[in-house]
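A short worksheet on the structure shown next.
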Amino acid sequence: MLMVLSFLLPVVGAVLVFRETDSAKRQKLTIISVIAAAILAVAAAFLGQLTEFSREFTLLRLSDTLALTFAADGLGLFFIALVGFIWTFVQFHAFGYMKHEGRESQFFGFFLLTYAALIALAFAANAETLYMCFELMTLCSMPLVLHNGSEQSRRASFAYLGYSTLGASLALLGFFLLAAQGNNLTFIPGGGGQLTGDPKTLSAAAFLIILGFGAKAGMVPLQMWLTEAHPVAPSPASAVLSGLITKGGVLAIIRCTFQLFGREMLRGTWVQTAILVLAIVTIFTGSMLAQREKLLKKRLAYSTVSNVSYVLFGLFVFDEVGMGVPGAFLQIVFHALAKDALFLCAGSVIFATGKTKVDELKGIGKQMPVTMWCFAIASLSLIGIPPMGGFFAKYLLAMGALDTGTTLGLVGVAVLMVSALLTAFYLLPIVSAAFFPGRDFDAGEKCEVPKTMLVPQIVFAGLTVLLGMFPNVLTAFTAILDGWVL
């Protein structure tokens, strides 16, 4: 029941927020809903994992073989802890930013509904529950993209809906192929053992499912929604879209890969090869396109396309020494922290100056020093400069790929290095121009954003350094996670 309460509470909060006209009361409702839901969800995950309480709860049984069932496990705990922490700080930034955008009741209502869908997704215990929560996540987050109601935002929101629905439909087709073979689609640690049927059909189903959910993770060829949605969405929405909602796609892929099929079933198959190739192509493509983009938020969106596929690459190398999966989980954390910091910094610049293009940011570090220092630190983490957290994640990914001794592993490591170099080329010139505009440049007066908007940026940027200096905190947890659920 704690699981159910954890995602029903934000739904109730959203209904109240939609109806509330007082800004202060609306903010209190949002804060209470987000923090209380996170506490309930983490408590449910801990109780399910560390005690003898039942880990599963069936909310609705539609037939003998079809039920909406939720379960608490280590993977859910990891995802919920990340979502709850980041969502809490993003909301404080949003309180200030949305005064600039307007329609606050609409934004925070759908903000809470999306949060509820993510929590439910983390607890999904079988394929049908995962699919329904995944679609709910898309439907609830689409209005965040549509928020300002312009023609551009309408096009972007329908692109987001179209790509996401197409991806989910491919995954659903894969589930149909499995069900037609008489398979039980419940997620279990290790997976694989419960699947029977024609090997070719199972492989086709696996590819469709991973490719479909990969759309939300920004994997080629269904990645274009990211670069359409981010430039028009409010910056707090861009932050959670890039940092967390893309990870919803990654979570679905992890569930199906490790808890439905099992890594032993997919290791050495054409499915593994195809996904690795797509991940490598996505990493390179995103970095190359980001290099050429002049719109700041769109450049960051292309960066997300590239960096989330680092995670997929680490998951699918299936190395024997076990560095790829921990590297992938660390990349999930450090990418979420760094990219949320970058999008919030971009939002602060828009809020304070109205500037949206890279070429307009010359000297902005003189006007907004704290914001641009956070931007610089998050950029260094995304590039992978030690001691930032991004370096340690990329190190583990590279070691895992090299351990395989395969051509694809070597190519992947080379592309990771090239991508890191390209990331430096498209982020560091922004930092350089911001702080070193030239001796005779008149930057104007300081125009830093309020503290409620600054603190989340400082927290996210600071954690990329702190956790990068003490990565054992996270690696110890990922080792436990591997034993619990993978």
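The values are calculated or read from the model by the stated rules, or taken from the named source; none is laboratory data. All of these numbers come straight from a predicted model, not from anything done at the bench. So basically every Cβ, Gly included, is an ideal-geometry build from the backbone, and we count neighbours across all protein chains shown. We work out accessible area using only protein heavy atoms, side chains counted, and drop any ligands, DNA or RNA first. Shrake-Rupley method; radii C 1.70, N 1.55, O 1.52, S 1.80 Å.
Residue by residue, here is whether (1) open to solvent by less than 40 Å² (accessible area, probe 1.4 Å); (2) over 18 Å from the mean Cα position of the chain (by Cα) holds:
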site	(1), (2)
Lys339	yes, no
Leu344	yes, no
Ser348	yes, yes
Lys362	no, yes
Gly365	yes, yes
Trp373	no, yes
Leu380	no, yes
Ile385	no, yes
Gly390	yes, no
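A single member of Leu241, Leu226 is under 22 Å from Leu146 (Cα atoms), modelled with pLDDT under 85 and hydrophobic (A, V, I, L, M, F, W, C), and it is Leu226. Scanning the range 279-330 for residues that are at positive phi and among the small types (Gly, Ala, Ser) returns a single hit, Gly322.
Residues that are touching a residue at least 12 places away in the same chain (Cβ under 8 Å), part of a loop (DSSP other than H, G, I, E, B) and either in contact with an Asp or Glu (Cβ under 7 Å, 6 or more places away or on another chain) or open to solvent by 30 Å² or more (accessible area, probe 1.4 Å) (or both) occur at least once in the range 222-243.
Can you confirm whether the range 467-476 contains a residue that is in contact (Cβ under 8 Å) with a residue 40 or more places away in the chain and either in contact with a strand residue (DSSP E or B) (Cβ under 9 Å, 6 or more places away or on another chain) or in a loop (DSSP other than H, G, I, E, B) (or both)? Among the residues of the range 467-476, at least one is in contact (Cβ under 8 Å) with a residue 40 or more places away in the chain and either in contact with a strand residue (DSSP E or B) (Cβ under 9 Å, 6 or more places away or on another chain) or in a loop (DSSP other than H, G, I, E, B) (or both), which makes the answer yes. Taking the range 245-331 and the helices (runs of 4 or more DSSP H) fully enclosed by it, the elements with 1 or more residues that are at pLDDT below 90 and of a type in the set (S, T, N, Q) are at 270-292.
For every residue, the table says whether it meets (1) at pLDDT 90 or above; (2) crowded, with 17+ Cβ neighbours inside 10 Å; (3) among the hydroxyl-bearing types (Ser, Thr, Tyr); (4) outside any helix (DSSP H, G or I).
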{"residue": "Met137", "(1), (2), (3), (4)": "yes, yes, no, no"}
{"residue": "Ser141", "(1), (2), (3), (4)": "yes, yes, yes, no"}
{"residue": "Asn148", "(1), (2), (3), (4)": "no, no, no, yes"}
{"residue": "Leu166", "(1), (2), (3), (4)": "yes, no, no, no"}
{"residue": "Leu172", "(1), (2), (3), (4)": "yes, yes, no, no"}
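Taken over the range 9-57, the residue count meeting the criterion of being at pLDDT 80 or above, polar (S, T, N, Q) and open to solvent by 30 Å² or more (accessible area, probe 1.4 Å) is 3.
Scanning the range 130-155 for residues that are over 16 Å from Thr246 (Cα atoms) and among the small types (Gly, Ala, Ser) returns Gly149, Ser150, Ser153.
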